[in-house]
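Scroll down for the structure; my scribbles are underneath it.
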Amino acid sequence: MNPLHVAPEDELIRVQVWEWPVRLLHWVVVATLLVLAATGLYIGNPYLISAGPSESRFVMGTMKVVHFYAAIAFTLAVLARILWMFLGNRWSSWKEFIPVRRDRRQGIPSMLKFYLFLRRDPPSFIGHNPLAGATYSLVFLVYLLMALTGFALYSVSAPVGSHMLVFRAVLPLLGGAQTARWIHHAGMWLLLGFAVHHVYSAVMMAMIERKGTLESIFSGNKFFTREDLAAPASRAGEPR
């Protein structure tokens, strides 16, 4: 199916940028991150004290169970999104994240000038702009680090015979459980800070570009003029 759809009476060209797996996995990551942050904060600093027998008011145990299953869903979503970088369309490709091509690397200074208010209008890109893509690649590394440290911490109290015991070998490499816990906690705040910036930049770009940027994570579609699609920057996501 051709991602470009042009209606004769329309001035804008609709481009199906984000395929449904990308959109679905994006929201799975968002939902699980919120659950992980909420339960993780409680596990690190319990703020609910429940009086009575623990078997009927096992708050910490419940939080840990929810946290662990959310971590599994989060990890599977991240791994599936990485896999889709090799199976999806041109705008889902790993080349949109890692600037291996010269034209992508050349687009980073232009976007940086825009974000620093040194340029009035951003260059036009169909998918991720090069600076955002490079940032997202670092975010994925944090995702994987969070999963690794989280499973390593779980292995400390994992029952006999659990497959998670294999992650216990990671703890000495990180300097012990306490260091792994600090890395895990710091990573959470990094991801929460990124989430705030991500929402801010998405809203800002949607208001400035008016190409359906914000709506595209629901519909998958963005809208461009013929001049946008003809610009060299907008073709930076195409295979060569």
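Read-outs: derived from the displayed coordinates by stated rules, not from any lab. Computed from a predicted structure; not experimentally measured. FYI the Cβ positions are ideal-geometry reconstructions off the backbone, even for glycines, and counts take in every protein chain you see.
Across segment 91-107, rounded Karplus estimates of 3J(HN,Hα) from the backbone phi angles (6.51 cos²θ - 1.76 cosθ + 1.60, θ = phi - 60°) give 8, 9, 5, 4, 5, 6, 9, 9, x, 7, 8, 5, 5, 5, 5, 5, x Hz, Gly and Pro being marked x. When the helices of the chain are scored as -39500 (n - 2.57) per DSSP H run of n ≥ 4 and the total is divided over every residue, the value at 222 nm lands at -20000 deg cm²/dmol. Note on Lys211: lysines with a C-alpha under 19 Å away, same-chain residues under 8 apart excluded, are Lys222.
Between 0 and 90 degrees, rounded to the nearest ten: what's the tilt of helix 130-156 against the longest Cα principal axis of the chain? With rounding to tens, the tilt is 10 degrees. Our compactness index for segment 106-240, the C-alpha radius of gyration over the empirical 2.2 N^0.38 Å, is 1.42. At the listed q of 0.13, 0.25 Å⁻¹, the Debye profile of segment 52-102, built from one uniform point per Cα, gives log10 I(q)/I(0) equal to -0.52, -0.90.
Shown in residue order for segment 191-203 are the 3J(HN,Hα) couplings computed by the Karplus curve 6.51 cos²θ - 1.76 cosθ + 1.60 at θ = phi - 60°: 5, 5, x, 5, 4, 4, 5, 4, 5, 4, 5, 5, 5 Hz (x for Gly and Pro). Karplus-derived 3J(HN,Hα) values for segment 175-185, using 6.51 cos²θ - 1.76 cosθ + 1.60 with θ = phi - 60°, are x, x, 5, 5, 5, 4, 5, 5, 4, 4, 5 Hz; glycine and proline are entered as x. Among Val139, Val15, Val196, the residue with the largest mean-square fluctuation in a Gaussian network model of the chain, with springs joining Cα atoms closer than 10 Å, is Val196. Note on the chain: Cα convex hull, mean projected area over all directions, 17.0 nm².
Work out the FRET efficiency for Ile72 and Trp189 from their Cβ-Cβ distance, taking R0 = 25 Å, and round it to the nearest 0.05.
Values: r = 22 Å, r/R0 = 0.88.
So the FRET efficiency works out to roughly 0.70.
Under a plain spin-label model, where a point goes 7 Å from the Cα along Cα-to-Cβ, how far apart in nm are Met207 and Asp121? It is 1.9 nm.
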